[in-house]
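First the structure, in the form of structure tokens, and then the observations on it.
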Amino acid sequence: MLNISLQLPRDRFLLDVDISLDGDSIWAIMGRSGCGKTSLLRAIAGLESGAKGKISFHGQVWLDTDTQMCVAPEQRRIGYIFQEARLFPNLDVMGNLQFARQRACRRDNTFSFSHVVEQLGIDHLLGRRIQALSGGEKQRVAIARTLLNTPDLLLMDEPLASLDWTSKTTILPILRNLQKEFGIPVIFVSHAREEVARLADNMLLIDHGRVKLQGECRRLFISMDSDLISDDGALSILEADVTDHDEDHGLTELSLGRQKLLVNWVNAEVGTRLRILLPAQEVSIATEDLDCLSIQNRLAVTVETMKELGNRNVLLSLSTEGQTVQAVVTCRAVDMLGISIGKPVFAYFKASCLNVV
Amino acid sequence: MLNISLQLPRDRFLLDVDISLDGDSIWAIMGRSGCGKTSLLRAIAGLESGAKGKISFHGQVWLDTDTQMCVAPEQRRIGYIFQEARLFPNLDVMGNLQFARQRACRRDNTFSFSHVVEQLGIDHLLGRRIQALSGGEKQRVAIARTLLNTPDLLLMDEPLASLDWTSKTTILPILRNLQKEFGIPVIFVSHAREEVARLADNMLLIDHGRVKLQGECRRLFISMDSDLISDDGALSILEADVTDHDEDHGLTELSLGRQKLLVNWVNAEVGTRLRILLPAQEVSIATEDLDCLSIQNRLAVTVETMKELGNRNVLLSLSTEGQTVQAVVTCRAVDMLGISIGKPVFAYFKASCLNVV
Amino acid sequence: DILKVAVAANFKPTLEDLAEKFEQETGHRLLISAASTGILFNQIVNGAPFDIFLSADRQRPEMLKEKGMILPGSQHTYAMGELVLWSPGESTTLVELRDNKARLAIANPAIAPYGLAAQQLLENLGIWSYVESRLVKGASIQQTWQFVASGNVPVGLVAKAQMVDGDQYTVMPYEYYDPIQQDMVILKRTPHPDAAKQFVEFILSESAQSLIESHGYFSVVKKDKDGSLIEKALIDKAPIDRARIESALIKD
Amino acid sequence: MLITAIWVTLKLATITTIILLLLSIPLAWWLANMQSRIRPILEAIVGLPMVLPPTVLGFYLLLLFSPNYAAGQAWLSLTGSTLAFSFTGLVVASVIYSMPFVVQPLQRAFEQLDKGLLEAAAMMGAGAMDRFFNIVLPCSRRALVLAGCMGFAHTIGEFGVVLMIGGNIPGETQVLSIALFDAVESQSFEMAHQIAGGLLLFAMVLLVFLYSLDRRSGKSSGSRVC
Amino acid sequence: MLITAIWVTLKLATITTIILLLLSIPLAWWLANMQSRIRPILEAIVGLPMVLPPTVLGFYLLLLFSPNYAAGQAWLSLTGSTLAFSFTGLVVASVIYSMPFVVQPLQRAFEQLDKGLLEAAAMMGAGAMDRFFNIVLPCSRRALVLAGCMGFAHTIGEFGVVLMIGGNIPGETQVLSIALFDAVESQSFEMAHQIAGGLLLFAMVLLVFLYSLDRRSGKSSGSRVC
Ligand SMILES: Nc1ncnc2c1ncn2[C@@H]1O[C@H](COP(=O)(O)OP(=O)(O)OP(=O)(O)O)[C@@H](O)[C@H]1O
Ligand SMILES: Nc1ncnc2c1ncn2[C@@H]1O[C@H](COP(=O)(O)OP(=O)(O)OP(=O)(O)O)[C@@H](O)[C@H]1O
Ligand SMILES: [Mg+2]
Ligand SMILES: [Mg+2]
């Protein structure tokens, strides 16, 4: 549990944050460039001397300006992946990793050296000088370094910004694992909604130094008031249980209450509860139940709310089995199909559109 | 026209490239982290002393190791946006911009100072010290600085990596404009397929220092052999003419040969030819012509090829009006609908899925 | 015993020759420290552990005596310097020097006894005002010699002791400057007063004095009629000898 | 008397510092960017004057300047006067003597400069000179001030070489340090204290002023870690 | 005779350099990170010994060490011997004299260090000492070598202070620079040339060796721009 009540003057505004982040989840911080994301992470890490207020982590007070209390950054056991890689130029890649490893908070094998190095694809770089690394290589070494340090809390400032998609998809599960298996809270800054949706449980939206929105990603991505929701950004997050596998077609069957969903093969046992991201864009509405369509998933839903978006699209909130699915359709479709609040319709979406996380 | 025939030794491979990039288009360079993208840009810019071979731009020879010819970097009139911002720490933001402005290649008003500053949203930063800028702010100042320098060729190394989506969407059109209106060739490195599809005409895929693929984005994104094509990445690029506007519903009607498409309102005159990105994920197939569906766009197409993807999905190549549309459907759908090569079917996709660029 | 001897730099080569003899004769050892007289004086006043001080002038030993830092009765003149006019290239005279534009090297009158003597000489000969603006002053007589020896200054008033075989020089009339008396004292705090006294005796001995003389100094002792050594008292100014003036000014 | 010594000292220190900077800046830049294997040798040569006692250095300069030897002869026939015992000679000697103290901090600063900034400047069309004057020098401001101060202070305090080469000629080569030395030598302690006190005060004021100049660049960004 | 002078010189230069580095490294670090307004004043004070002629500095140290005054008296009663005219006194004097030449390059290097690296190290649990020894010092390697060389060379070449404080006592305080000075003074030019030549050769070899040590860090990354 991280409690933060903090003021930090910036050039044009005061970063003024009062939040508590629970320790069993991954938090994403989003917001426009210059809104104060990095400043917030730095203040949590104890790197900003101008920060005033109170910060405590799992009951341990890190900062309390009232009582002049301030734990030194090096005693907070935080792993911080900076926006720039900040590798030590006097050491080679191996030296950088060892520096972190030797100062590891715990000597348990949370991550074995070879495991981390291999997962991040930097085994061939170990003997290299820092100066001869590419941008993405530096970034990966910086991540490996921080993981090997086995921190109690992980702060990450756009850790995947300069990585290719393949690297991203191998690193994201590692980071998620960190929280899920080892209980290390993770707070990360990202501009990529996709990344946030895949990795984070909770989210913080910052604007001009203040928390504008805060809460579970699945709620925030749905919330109609959110700034994040432009018509190409709305997402639904559904939870469903694995009921069956269709090996022939490489599909997994999930149940959402009494309804069924098909997703690309998921390696999970029957009974597991999964989380599914469904972009509102991907959802189509039909007034009839169709079977001549390649779209495999069909939920019987009821229109709950309708919100007209700027560009003549309509965002529909559809309820089914106690969960909410969002869909973006054109005004024209609403007119043609006669969609209205309370009307039962069918929500169609492709099996391959669903991201299971 | 940029002709490049180049060898540059790297730690684990030789960067060995032999290409010519035409000057009227925007080129994207993609490839995995450490494959040599930055090295290639640096060699073009004349920053790598180890580079051997020939480079010429619009007939002017920049490098020719045979004749010992090598034009100094400062005489090549290249704008280079580095992977790091590289702002001058001895100058404030204004000073950095003026440094570039004073050394501008052309004194015409390709971009007026105030226009660039405003478009990049850095007006309020002009008096700031470089040290007190956020990551994204630095990145935007670096872009502004290069634009104000009015180069004859623009090289960009992940220029938008640390920017939020809003900033990205305002900056992308500026960069596109640079090429389209002022004829300045642009070559940029990016890891974001979305960015590449929106900005680039042509693409270069590099792997271990060699060009693996090269050509028009619309072709490469379709090409079945491409490494870029995982089932969540395939894209179709269509060209269509504006035929009508539906102001009531905020839609624009386009014609693709004899067929019609509806897209979100586009501010373009009737008769204009537009380019449309259509992710294969977004396309559904129906064997019948449906009208109870919210999906607004329906093209009558013929199945040309079918390729089974790793995870039991099938990538269909569909031809219509001389163009190609791609669709990803599950094996199950192929079985259930009896899709086979040569079969006429209907491709459905939502109006809002189409990105018009 | 080991005696620590502080010696004015100009006398050091001579003292080294003397030391050999002294060490042979008495079995004592000498540790010789050379520096300028001013530096040595400052060091002694501030506690330098010297036993004997061979100054290049009379004034510093005098000052030490006033401060009560010397063994009573231990101040003796041990040598007297002699000025020579030295021009290694074409030989020149003081008259020529008065009339041409050449530079003249002397030691700095403010800090070096030879400099003071040179100034007195030039003043008494009435040519100071002619040459004053052309003077190059060395911080010590050694430096003055270097100026001339290196060829940067054609002529200099240097010490006879610095001349070596083959040098062409003119001895300056000693009547025209106060004697360059070099005094020595035994410092009060010496732990070896007896050895120090032996050293003083040795320096004033005839054999030592003839060696000093051979190094280009006036000896300070003469034999009395009855053959005993007496200290020469050259404190009074000698009467001016016209003939010597003429020769000093005109002879080439 | 003292006034002229002060004047000569200031003139000497100022001219020497200017010449030192003019020579050392390009030299340091050249050394900093040199790839050749002989770089350590050149660096060592630049540092050599440090190990010789100033008086001895002065003595060898005296030999060098002497018309008896080729270099001095050449200078004499060129200019009609010898370098020794002239103000010019003092400047030459001071420059040689203080060179290492100016070149070395500059070289270190140039080496630490982020080459990426120069690449960025080059891409904006800035040629080598442009980059040097508008990026390299401004970014090395602290080192320049330091090097200038070291050169200036060292020249003021320099003494052995000046004593040897200068010949203590009032108005031409008699500088304050020699006057101060003379005062100490002749036990004029009153005067020595005054000159020393004045020198220290002047140096203090000058150095404090110069070091205060670039407060701004020294200002921290508010980080707690150091 | 000469052998002992060489031995004393090497001992003096080595001990002085070690003490200088031990004192200057923390001092320079403290100055480099000081936020207070008095920083320029402290910086100027560190630089002050430079403006005094060495002999004069030596004279004032002599006064300081003298049993006639309080400080020297205190030392005497504490240790039973005076500082002046002892090897220890020489070391103290050399340290004071050469301090600015060691502190200043170090301070500049420390200031130029990227604070971001220290933040990164702190986040990995490295405390202030750990950071200092494992990041700050290794990253300032070039400056350390430079500062050490300057201190060493300067101490070898130093002469005025040593002459004044040391008293030119063979075997104890007679160093090579004084022997060299003596040789020049007593017209033993043969010997002077030998000592000077030997000194230069030794310095040359030492400096070339030290400067060659960190070739690697100086290696360019292949950029054409400089
Ligand atoms: N100066 C250098 N000398 C030798 N090899 C280098 C040098 N700089 C980088 N390399 C290596 O060359 C390869 C290509 O580097 P480059 O910077 O071109 O990669 P990149 O494609 O830009 O990667 P990224 O997307 O991570 O920035 C990498 O393996 C890198 O480690
Ligand atoms: N040291 C500083 N002192 C004062 N203001 C600063 C300082 N550093 C940054 N700022 C300003 O504070 C604001 C917040 O900066 P911060 O680095 O936290 O932004 P950010 O949210 O991380 O942005 P980005 O996404 O661009 O990295 C910015 O407007 C920035 O200009
Ligand atoms: Mg940031
Ligand atoms: Mg790169």
(request) Answer with one residue from D:163, D:67, D:124: the one whose Cα lies farthest towards the positive end of the charge dipole of the range D:11-173, charges on Cβ with Lys, Arg +1 and Asp, Glu -1. (result) D:124
(request) Check chain A and count each lysine pair with an alpha-carbon distance under 23 angstrom, considering only pairs eight or more places apart or from different chains. (result) 13
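I need the Kirkwood Rh of chain B: take the reciprocal of the average 1/r across all distinct C-alpha pairs and report it in angstrom.
Values: mean 1/r = 0.0448 Å⁻¹.
About 22.3 Å, per the Kirkwood formula over Cα pairs.
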(message) Through the Karplus equation 6.51 cos²θ - 1.76 cosθ + 1.60, θ set to phi - 60°, convert the phi angles of the range B:18-33 into ³J(HN,Hα) values in whole Hz; use x for Gly and Pro.
(response) 9, 9, 10, 10, 6, x, 9, 9, 9, 9, 10, 10, 10, x, 5, 3
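Using a simple charge model, +1 on the beta-carbon of Lys and Arg, -1 on the beta-carbon of Asp and Glu, nothing else, what dipole does chain C show about its Cα centre, in debye to the nearest 20?
Working: 25 positive and 32 negative charges, 131 e Å.
In debye, rounded to 20, chain C gives about 620.
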(request) Determine which lysines satisfy two conditions relative to residue E:11: a Cα distance under 25 Å, and not lying fewer than 8 residues away in the same chain. (result) C:4
(request) Starting from the amide H of residue B:11, placed 1.01 Å from N in the peptide plane, find each other amide H under 5 Å away whose residue is 5 or more places distant or on another chain. (result) none
(message) Using only the alpha-carbon atoms, what does the range B:1-52 span along each of its principal axes? Please give whole angstrom values in decreasing order.
(response) 34, 23, 17
(request) Can you put B:157, A:246, B:24 in order of Cβ neighbours within 10 angstrom, beginning with the fewest? (result) B:24, A:246, B:157
(request) For chain B, with a Gaussian network of springs between Cα atoms less than 10 Å apart, report the residue from B:248, B:289, B:18 with the top mean-square fluctuation. (result) B:248
(message) Can you give me the long-range amide H partners of residue A:246? Hydrogens built in the peptide plane at 1.01 Å from N, cutoff under 5 Å, separation of 5 or more residues or another chain.
(response) A:251, A:252, A:253
(request) Report Rg/Rh for the range A:235-356, rounded to two decimals, where Rg is the Cα radius of gyration and Rh the Kirkwood radius. (result) 0.98
(message) Taking θ = phi - 60°, what integer Hz values does the Karplus form 6.51 cos²θ - 1.76 cosθ + 1.60 yield along the range B:261-267, in sequence order, with x for Gly and Pro?
(response) 10, 10, 10, 4, 2, 10, 7
(request) Grab the beta carbon distance between residue C:102 and residue D:70, set R0 = 25 Å, and tell me the FRET efficiency rounded to 0.05. (result) 0.70
(message) Can you give the log10 of the normalised intensity I(q)/I(0) at q = 0.08 Å⁻¹, computed with Debye over equal Cα scatterers of the protein assembly as shown?
(response) -0.98
(message) Straight-line reach from residue C:12: which aspartates and glutamates fall under 15 Å, measuring Cα to Cα and dropping same-chain residues less than 8 apart?
(response) C:20, C:57, C:183, C:213, E:182, E:185
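Between residue A:340 and residue A:255, what FRET efficiency follows from the Cβ-Cβ distance if R0 is 35 Å, with the result rounded to 0.05?
Details: r = 29 Å, r/R0 = 0.82.
My answer for the efficiency is 0.75.
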(request) Please order C:93, A:302 by the number of other Cβ within 10 Å, starting at the fewest. (result) A:302, C:93
(message) To the nearest 20 Debye, how big is the dipole of the protein assembly as shown about its Cα centre, given +1 on the beta carbon of each Lys and Arg and -1 on that of each Asp and Glu?
(response) 1060
(message) With every atom except the alpha carbons ignored, what do you get for Rg and Dmax of the range B:257-321, in angstroms?
(response) 14.3, 43
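Using the Cα atoms as the points, what is the convex hull volume per residue of chain C in Å³? Working shown, then result.
Numbers: hull volume 33.7 nm³, N = 252.
Considering the Cα atoms of chain C, their hull volume per residue is 134 Å³.
How large is the direction-averaged shadow of the alpha-carbon convex hull of the range A:1-136, in nm²? Don't jump to the answer; show the numbers that get you there.
Details: hull surface 40.9 nm².
With every direction weighted equally, the projected area is 10.2 nm².
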(request) Please report, in debye to the nearest 20, how large the charge dipole of the range D:11-173 is about its Cα centre when each Lys and Arg carries +1 at its beta carbon and each Asp and Glu carries -1 there. (result) 160
(request) Mind scanning C:101/C:160; D:115/E:115; C:65/C:137 and naming the pairs with a C-alpha gap bigger than 20 Å? (result) C:101/C:160; C:65/C:137
(message) Compute the angle between helix D:189-213 and the longest alpha-carbon principal axis of chain D, please, reported from 0 to 90 degrees and rounded to the nearest 10.
(response) 10
(message) Counting C-alpha atoms alone, how compact is the range D:11-173: give Rg to one decimal and Dmax as a whole number, in angstrom.
(response) 18.0, 55
(request) Would you grab the residues whose amide H sits under 5 Å from the one on residue A:31? Only those 5+ places off in sequence or on another chain, please, with H modelled 1.01 Å from N. (result) A:206
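Among A:155, B:309, what is the fewest-to-most ranking by other Cβ atoms within 10 Å?
Details: A:155 26, B:309 19.
So the residues, fewest neighbours to most, are B:309, A:155.
Any idea what the relative contact order of chain C is, in percent, if you count C-alpha pairs under 8 Å spaced at least 6 apart? Kindly include the intermediate steps, with their values, before the conclusion.
Working: 465 pairs, mean separation 67.1, N = 252.
Relative contact order comes out at 27 percent.
The numbers here are math on the coordinates, done by the rules we state, and not lab data. This is a predicted model, so every value here is computed, not measured. Here Cβ is always computed from backbone atoms with ideal geometry, including for glycine, and neighbour counts include all displayed protein chains.
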